[in-house]
Structure formats: structure tokens, C-alpha cells
Amino acid sequence: MVAVRGEAGALQYDWFLSEDQTKCVVLERYGSSEAVLAHLANAGALIGQLAGLGGGLDIEVFGDVSPELRQALAATAPPIYASFLSL
């Protein structure tokens, strides 16, 4: 958490642990594609370490994604869900 605390454009960064403590879900929300790119630059090494722990790392992307962010995510090919309806 210290690595990402205070990142500009970060709106949500919450970790949830299953009752049996075998699965963790991290919900992250950012104000823009640029904020996500900054997060990847800042926390990329940490993300790699988490992926190296085993158990898999599944990423889903929600919202309107810039071409630059789409390119940065291309290697992992996460599903991208474009905005459809919002309040």
C-alpha cells in the first residue's frame, strides 16, 4: 500500500481476503487512463512480485481505455469492458 499511497488519479485501492484466506481481490479505480499508466510505472515491480507468488493474477479492465493504456496492457490481454451506462 505504501508504494501506491498518494498516486495522483487513484480513486480506490481496496484489498479483500476470502474467509479461508486463500484468495485476495484487489479493487482499483482510477480517474483516467493516464493515472493507470502512472500506477503501472510506479507499482510494476510490485505487481510482478505478486504474480510470482503463484495462484494466478487475473485482471479485468472497466471503462474507456486510451490507446496508450491498451498497448501497455496488450501483453496480459485482459478483458476490457467499455462504459455502457452510468449514473
Between GLU60 and LEU87, how many nm apart are label points set 7 Å from Cα along the C-beta direction?
2.0
Taking the Cβ-Cβ separation of ALA74 and ASP20 as r and a Förster radius of 22 Å, what is the calculated FRET efficiency to the nearest 0.05?
0.05
Taking every other residue with Cβ under 9 Å from the Cβ of PRO78 and scoring Lys and Arg +1, Asp and Glu -1, one gets -2
Scoring only Lys, Arg, Asp and Glu (+1, +1, -1, -1) among other residues with Cβ under 14 Å from the Cβ of VAL61 yields -3
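Please identify every one of the GluC sites (Glu not before Pro) in the stretch 1-69 that sits in a loop by DSSP and has no more than 10 other beta carbons within 10 Å of its own beta carbon.
Answer in residue order: GLU19, GLU60.
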Which ³J(HN,Hα) values in Hz, rounded to whole numbers, follow from the phi angles of the stretch 18-26 under the Karplus curve 6.51 cos²θ - 1.76 cosθ + 1.60, where θ = phi - 60° and Gly and Pro get x?
4, 4, 8, 6, 10, 9, 10, 10, 10
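The stretch 1-43: which trypsin sites (Lys or Arg not before Pro) are DSSP loop and have at most 11 other beta-carbon atoms within 10 angstrom?
Numbers: sites: ARG5, LYS23, ARG29; in loops: ARG5, LYS23.
For trypsin sites (Lys or Arg not before Pro) across the stretch 1-43 that sit outside H, G, I, E and B with at most 11 neighbouring Cβ atoms in 10 Å, the list reads ARG5, LYS23.
I need the chymotrypsin sites (Phe, Trp or Tyr not before Pro) found in the stretch 46-87, filtered to DSSP loop residues with at most 14 other beta carbons within 10 Å of theirs. Show your work: numbers first, answer last.
Details: sites: PHE62, TYR81, PHE84; in loops: PHE84.
For chymotrypsin sites (Phe, Trp or Tyr not before Pro) across the stretch 46-87 that sit outside H, G, I, E and B with at most 14 neighbouring Cβ atoms in 10 Å, the list reads PHE84.
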Defining a contact as two alpha carbons under 8 Å apart and six or more residues distant in sequence, what relative contact order in percent does the chain show?
23
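Read-outs throughout are calculated quantities, based only on the coordinates presented, and are distinct from any laboratory measurement. All values reported here derive from a predicted model rather than from experimental measurement. As a convention, Cβ positions derive from the backbone with ideal geometry for all residues, glycine included, and neighbour counts pool all protein chains shown.
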